[in-house]
Amino acid sequence: MKLLFCLCLIAICPPSAAQDTDIIPYLEAWKVSNRSQSYRAQVFFDSLRIHKSEIIYRKKYLDHIAKLRQYLQHNPNRRLEVRLMMFEIMAGREYQIENRYYTTIDEAIKKAYPLRDDQLNAELYSIRADIPPAPETHLLYNLKAIEIQRRIGFEHFPYVQNRFFGVSYVLYGQGDYIQAIAYGRQCLKKWELDTAHRDPRVFIFQCDILGAAYKKLNQFDSVRKYYNRILQALNQEPDQKVASLWRGIALGNIGQTYTKELRFSEALPLLTEYLQNSLAYPDSLNIAMAQNAFASFYFQQKRYDQALLAARQAWQIANRQHIYAELTTSADLLSAICRQTGQADSAFYYHERSDSFKEITRERIKKRELSVVNAQIAFDNLRYSLVLTQSLANKEKSIRNAVLAGIVLLTVIALLLYNRKRVKDQYQMRVMALKHDAAKRDIQEAREKISVFTNNLIEKNELIRNLEQQLANTRPAGSEISEQLLNYPLLTEEGWEQFRKAFTKVYPAFFNNLRRNIDNLTPAMERLAALVFLQLTNYQIANTLGISKDSVARSKRRLRTGLTLAAEQSLEDYIGTLA
């Protein structure tokens, strides 16, 4: 018995505490909805990133996700569901399977909407900016995240600088250099806000974008300022190959500013190291950019042969890799060199190629701008659909509450009606019981009356025998005998009616069944059938009805004919079944 009890407990109890302890930290952190929620959730993202290359931890995290899913099946919670979806997406990104979760992030945004938690929405927008990767959504969702983070306070969010870097990067690609600079400077301004969550390479990338944007605006002091910051930051770069490439990029861009300012002696060693480091890496983009930088360097000194060689090398590399920005630069340089050297056809050819590349670039920028507009429209539609869905949900909730209230009201009314009907039914049952008792008494009285009638008939038969004997001995007047017979109950209409009523109470179906079996039923037939049913003999029937025994026999034959009985069927047995 004890064993059976223990087995039942095991069957109905939830998983053991030892299993649940694995997910308790997640549940405690993810249930938080105050300003600390973002950093509490970030702890688990950091753990994923730190241990992403360790197989044992990967298995552990996937096991935790499965347990959390199982927990939510039994304990639904919208906030926890959203947090778990975010954790799955981040795990997918660290394990390089993020493409499986491209649709999950939109589902998470929709699921989070009813929570009305802007901080949670900002976190979701930050993830949506990168997954799935697309420049238009990268710009839009980073801007949306920054808008909310600014309102709540940047200090409550990790990786704030990455949001500004993402916007600056896309704006530079769209040719909006002023805004790219504005957001890039905000990125660096927020760099010290959260020292635990920052990538040194993001700092280098951001300084590169700022330097490149200032170079487009011919603000050379600012160009040198940000590339010098890259040179300082490279002291902390652990990968010497990467450090060498970026040192060349920084020096090369500084050298290009010197070229623009005709400071050729200062520019030459910087450009040389740029090209050498790019070739050593090797990096096609920077090789093409370094060759174009040398072509410009030589062109401005009117060293056209060297400029032509460098421009052609840049052209070949950029054309092979479809680097349209450097193809445009090299085409412009080649066109200018050919014009200076009197090669008009070549100058025209490269000029046309330059225009075609610029058109491709413009089309790309237009597509990106259109994509951003479409992304904004899609975002607005999403927000509208969420608002509409929430409105419908609220409406459904109101309707559901009204329906429930109506059901409760109808239930109360139904109970009252049921109670009323029950009381009424009880009353009717009591009345019916009283009527039934009265009917039983009436039937009993009728039985007694029939018994009395039957006894009277027997007595009359005895009296008739006595009268017959008297007639044989003495002959009284016929009128006196007739008067005595008329006093017998069934020989008068009144007597018959009294008998009939009493008989019907005891056997209510008899006369109806008889009437259904005989089309032209006469009162005489009814009387005869009733007396036959009472099992009287022909002699008793004759005396009762005041007719002869032969007349009784003939009446029975007529009754038998009316009932259409077979020859072998007994009239008495058949009539006995009619009650």
>> Looking at the stretch 30-45 only, could you name the residues that are open to solvent by less than 90 Å² (accessible area, probe 1.4 Å) and touching a residue at least 24 places away in the same chain (Cβ under 8 Å)?
In response: W30, S33, S36, Q37, S38, Y39, A41, Q42, F44, F45
> Do we find that G153 is open to solvent by less than 20 Å² (accessible area, probe 1.4 Å) and touching a residue at least 24 places away in the same chain (Cβ under 8 Å) in this structure?
Replying inline: yes
> Can you pull out the residues in the stretch 96-119 that are more than 17 Å from L84 (Cβ to Cβ), among the polar types (S, T, N, Q) and part of a loop (DSSP other than H, G, I, E, B)?
Replying inline: Q96
> For the stretch 162-274, list the helices (runs of 4 or more DSSP H) that sit wholly inside it and hold at least 3 residues that are open to solvent by less than 30 Å² (accessible area, probe 1.4 Å) and either aromatic (F, W, Y) or more than 29 Å from T361 (Cβ to Cβ) (or both); which are they?
Replying inline: 220-233
> Which condition breaks for H322 when tested against (1) under 48 Å from the mean Cα position of the chain (by Cα); (2) open to solvent by less than 80 Å² (accessible area, probe 1.4 Å); (3) at pLDDT 85 or above; (4) not aliphatic (A, V, I, L, M)?
Replying inline: (2)
>> If P132 satisfies all but one of (1) closer than 20 Å to S47 by Cβ; (2) touching a Phe, Trp or Tyr at 6+ places or on another chain (Cβ under 7 Å); (3) surrounded by fewer than 22 Cβ atoms within 10 Å (Cβ to Cβ), what's the number of the condition it fails?
In response: (1)
>> Suppose we keep only residues that are basic (K, R) and open to solvent by 50 Å² or more (accessible area, probe 1.4 Å) within the stretch 74-111. Which one would you say is farthest from Y61 (Cα to Cα)?
In response: K110
>> What pairs come out if I take residues in the stretch 296-308 that are touching a residue at least 24 places away in the same chain (Cβ under 8 Å) and farther than 18 Å from T272 by Cβ and pair them with residues that are open to solvent by less than 50 Å² (accessible area, probe 1.4 Å) and not polar (S, T, N, Q) whose C-beta lies under 6 Å away, six or more apart or interchain?
In response: Y304/I337; L308/I337
> Inside the stretch 276-297, can you point out the residues that are farther than 20 Å from D332 by Cα and either touching an Asp or Glu at 6+ places or on another chain (Cβ under 7 Å) or assigned to a helix (DSSP H, G or I) (or both)?
Replying inline: Q276, N277, S278, L279, A280
> Are any residues in the stretch 132-161 over 20 Å from I105 (Cα atoms) and part of a loop (DSSP other than H, G, I, E, B), and if so, which ones?
Replying inline: G153
> When both residues are 6+ apart or on different chains and their Cβ atoms are under 9 Å apart, which pairs have a first residue that lies in the stretch 506-533 and is under 17 Å from S555 (Cα atoms) and of a type in the set (K, R), and a second that is in a helix (DSSP H, G or I) and open to solvent by 30 Å² or more (accessible area, probe 1.4 Å)?
Replying inline: R527/R500; R527/L545
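The values are calculated or read from the model by the stated rules, or taken from the named source; none is laboratory data. Keep in mind that what you see is a predicted model, and the values were worked out from it rather than measured. With ideal geometry, Cβ positions are generated from the backbone for all residues, glycine too; neighbour counts draw on all protein chains shown. Just so you know, the surface numbers come from the protein's heavy atoms only, side chains and all, with ligands and any DNA or RNA stripped out. Shrake-Rupley method; radii C 1.70, N 1.55, O 1.52, S 1.80 Å.
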